[in-house]
Amino acid sequence: MEALFYVIPLIMIAGVSFAAVRIIGRSRQISRAWSHGLTAEARCLRSYTTTSGGGGDSSVSTTLHHVYEFTTREGRTVRFEESNGPGTVIEGDFVTVHYLPEQPERATAHPPARGKLAAGTGCMLVFFGVFISFCIVFMVMAHVMFAESDGLMP
């Protein structure tokens, strides 16, 4: 029973750490595409929304997705999907995409906004840090509780 007070928070810390690494990686990738990448004209092939959340008393979150297609300078046709794009882009619209020649399938149609990217990434990392700190405090408190009660729950 005592192990659950350590194992579950450690699993949660591992999951949040994995998410943090992915967010940092995508942020660096987008920044490099803006700074050192090439541009191309892409066409929006499809836009759709996804929802998450339970509804009822809990909040529902809606995310807008776009599917774009463009041709690289080498003549390769690339199709990619991106979330959280502008609501003003609809099917058939043309947008400018930024991509790295070695990874065109990881392009972005978001216009360069380094401050916004840094702020968003920073806020997520602060949230993850607070979450991990809470898990560590929980584990320390559980350890203290079990040490004082000789392993028996009060």
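The values are calculated or read from the model by the stated rules, or taken from the named source; none is laboratory data. All values reported here derive from a predicted model rather than from experimental measurement. No Cβ is skipped: glycine too gets one built from the backbone with ideal geometry, and neighbour counts run over all protein chains shown.
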* Please specify each residue of the stretch 115-133 satisfying the condition of being surrounded by fewer than 12 Cβ atoms within 10 Å (Cβ to Cβ) and more than 13 Å from the chain's Cα centre (by Cα). => 115, 116, 119, 126, 130, 133
* To do: May I ask you to list the residues in the stretch 95-117 that are assigned to a loop (DSSP other than H, G, I, E, B) and touching a residue at least 60 places away in the same chain (Cβ under 8 Å)?
  => 101, 109, 110, 112
* Assuming residue 60 fulfils every condition listed in (1) farther than 25 Å from residue 18 by Cβ; (2) out of contact with any strand residue (DSSP E or B) (no Cβ under 7 Å at 6 or more places or on another chain); (3) at pLDDT below 95; (4) not basic (Lys, Arg) apart from one, which condition is it? -> (2)
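Yes/no per residue for (1) closer than 13 Å to residue 43 by Cα; (2) not β-branched (Val, Ile, Thr):
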residue	(1), (2)
76	no, yes
87	no, yes
91	yes, yes
97	yes, no
110	no, yes
113	no, yes
116	no, yes
120	no, yes
* Asked: Which residues, counting only those in the stretch 38-72, are among the aliphatic types (A, V, I, L, M) and over 20 Å from residue 101 (Cβ atoms)?
  -> 45, 60, 64, 67
* Residue within the stretch 15-31 that is of a type outside the set (S, T, N, Q) and not in a helix (DSSP H, G or I) present -> no
* To do: Name the residue, out of 17, 27, that is among the polar types (S, T, N, Q), under 30 Å from residue 138 (Cβ atoms), surrounded by fewer than 14 Cβ atoms within 10 Å (Cβ to Cβ) and in contact with a helix residue (DSSP H, G or I) (Cβ under 9 Å, 6 or more places away or on another chain).
  => 17
* **Considering residues of the stretch 58-94 that are polar (S, T, N, Q) and assigned to a loop (DSSP other than H, G, I, E, B) only, the residue nearest to residue 110 (Cα to Cα)** => 84
* Structure fact -> Scanning the stretch 81-94 residue by residue, those without any contact (Cβ under 8 Å) to a residue 40 or more places away in the chain and on the phi < 0 side of the Ramachandran plot turn out to be 81, 82, 83, 85, 86, 87, 88
* Asked: Restricting the first residue to the stretch 56-80 and requiring it to be free of Cβ contacts under 8 Å to residues at least 24 places away in the same chain and surrounded by 14 or more Cβ atoms within 10 Å (Cβ to Cβ), which pairs with a second residue that is among the small types (Gly, Ala, Ser) and in a strand (DSSP E or B) meet a Cβ separation below 9 Å and a spacing of at least six or different chains?
  -> 64/47; 64/83; 65/47; 65/83; 67/47
* **Residue in the stretch 88-97 that is surrounded by 10 or more Cβ atoms within 10 Å (Cβ to Cβ), in contact with a strand residue (DSSP E or B) (Cβ under 8 Å, 6 or more places away or on another chain) and among the charged types (D, E, K, R) present** => yes
